[in-house]
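First comes the structure, then the notes that go with it.
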Amino acid sequence: MSFAFRSKKYKPTDNEANMISDLFAEQLEKKNYTLEEFSELLIRLLDYGVLCRDESQVEEHLYDRFIQLKNLIEDYLQIIGIRLQHDKRFHFVRIYPPGAQVPGLQDEVEQAFNNGFRQRLSQSDIAVILVLRAEYDKSLREGQIDENGCVMIAMEALSIGMKNLLNRSLPDTMTERNRLLSRLKQLRLIHFKLDDNEEQADNWLKIRPTISQFINEEALMILSTGKNTTASHNDPE
């Protein structure tokens, strides 16, 4: 089942919307699912932007439902111009707004002007994500990944990586660090247990394989080039 509207500005009438809803309900009934279950999955995807099966029992349940309803989900998202990326090996799904560059998918010919649906990241978020991606690639080359494609890294190692690669530091206060890590956890880039009662330097976090699709190789090359340039400037003649 697939749909295509006449133009991007076209809005279906109430009757057409009801027809679309009925078509989905008919297809869902064949798979023993209801519109409410379909809506719950869609709302979760649109709200979080990502599903990771190993994140929680709730996401495990929703991911398994997605597997059964994948074609219908893709049909619905296609109507509103949203693209979907599904990693079958590591069991995660991420959605992208119209016009976004999606790793592994061909770019759209016409890109959206409005960026309202995109994730807005702070400079601190971006810096940590870049370092996490570099650390993930390093561990990947060394074969230090688990069966789920994840990499363990100590907070101390992350802090050192920030200094070496970007000449930056993690936020000073524990509250700011936890806020930053919570943001990355929400994006399903890391798995981290927040505990204000422990020294964070002794804590470990798990980098998910989703980081590979979130930061592309070009960004890593720029990061590596910037590091080498800085090093050459600092070398004595």
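The values are calculated or read from the model by the stated rules, or taken from the named source; none is laboratory data. Here the structure is a predicted model, which means the values were calculated and not measured. Neighbour counts are summed over all protein chains in view; Cβ atoms, including those assigned to glycine, are modelled from backbone coordinates with ideal geometry.
For GLN111, state whether it is at pLDDT below 85, within 17 Å of the chain's Cα centre (by Cα) and polar (S, T, N, Q). For GLN111, the condition - at pLDDT below 85, within 17 Å of the chain's Cα centre (by Cα) and polar (S, T, N, Q) - is not met.
Among the helices (runs of 4 or more DSSP H) confined wholly to segment 130-237, which include 1 or more residues that are at pLDDT 90 or above and more than 30 Å from ASP47 (Cβ to Cβ)?
Numbers: elements: 155-166, 174-186, 210-214, 217-234.
Those helices (runs of 4 or more DSSP H) span 155-166.
Within segment 120-136, residues that are farther than 11 Å from LEU184 by Cα sit with their Cβ atoms under 6 Å from residues that are basic (Lys, Arg), at 6+ positions apart or across chains, in these pairs: ALA127/ARG168. Taken over segment 73-87, the criterion of being closer than 16 Å to SER212 by Cα and either acidic (Asp, Glu) or out of contact with any helix residue (DSSP H, G or I) (no Cβ under 9 Å at 6 or more places or on another chain) (or both) is satisfied by ASP87 alone. Out of the residues in segment 17-59 that are in a helix (DSSP H, G or I) and of a type in the set (Val, Ile, Thr), state the one that is nearest to ILE190 (Cα to Cα). In this case the residue turns out to be VAL58.
Mind listing whichever residues of segment 61-79 are under 13 Å from TYR33 (Cα atoms) and buried (at least 19 other Cβ atoms within 10 Å of the Cβ)? Spell out how you get there, then give the answer.
First pass over segment 61-79, keeping only residues under 13 Å from TYR33 (Cα atoms): 62, 64-70, 72-73.
Answer for segment 61-79, where residues must be under 13 Å from TYR33 (Cα atoms) and buried (at least 19 other Cβ atoms within 10 Å of the Cβ): LEU62, ARG65, PHE66, LEU69, LEU72, ILE73.
Enumerate the pairs (first residue in segment 18-44 and outside the structural domain of TYR63 (by TED's automatic domain parsing) and under 17 Å from ILE82 (Cα atoms); second residue anywhere and basic (Lys, Arg) and surrounded by 12 or more Cβ atoms within 10 Å (Cβ to Cβ)) with beta-carbon separation below 6 Å, excluding pairs fewer than 6 apart on the same chain, so at least 6 apart or on different chains. Nothing qualifies.
State all residues of segment 84-94 that are over 22 Å from LEU28 (Cβ atoms) and either over 18 Å from the mean Cα position of the chain (by Cα) or not aromatic (Phe, Trp, Tyr) (or both); if no residue qualifies, say none.
Of the residues in segment 84-94, the ones over 22 Å from LEU28 (Cβ atoms) are 85, 87-92, 94.
GLN85, ASP87, LYS88, ARG89, HIS91, ARG94, listed by residue number.
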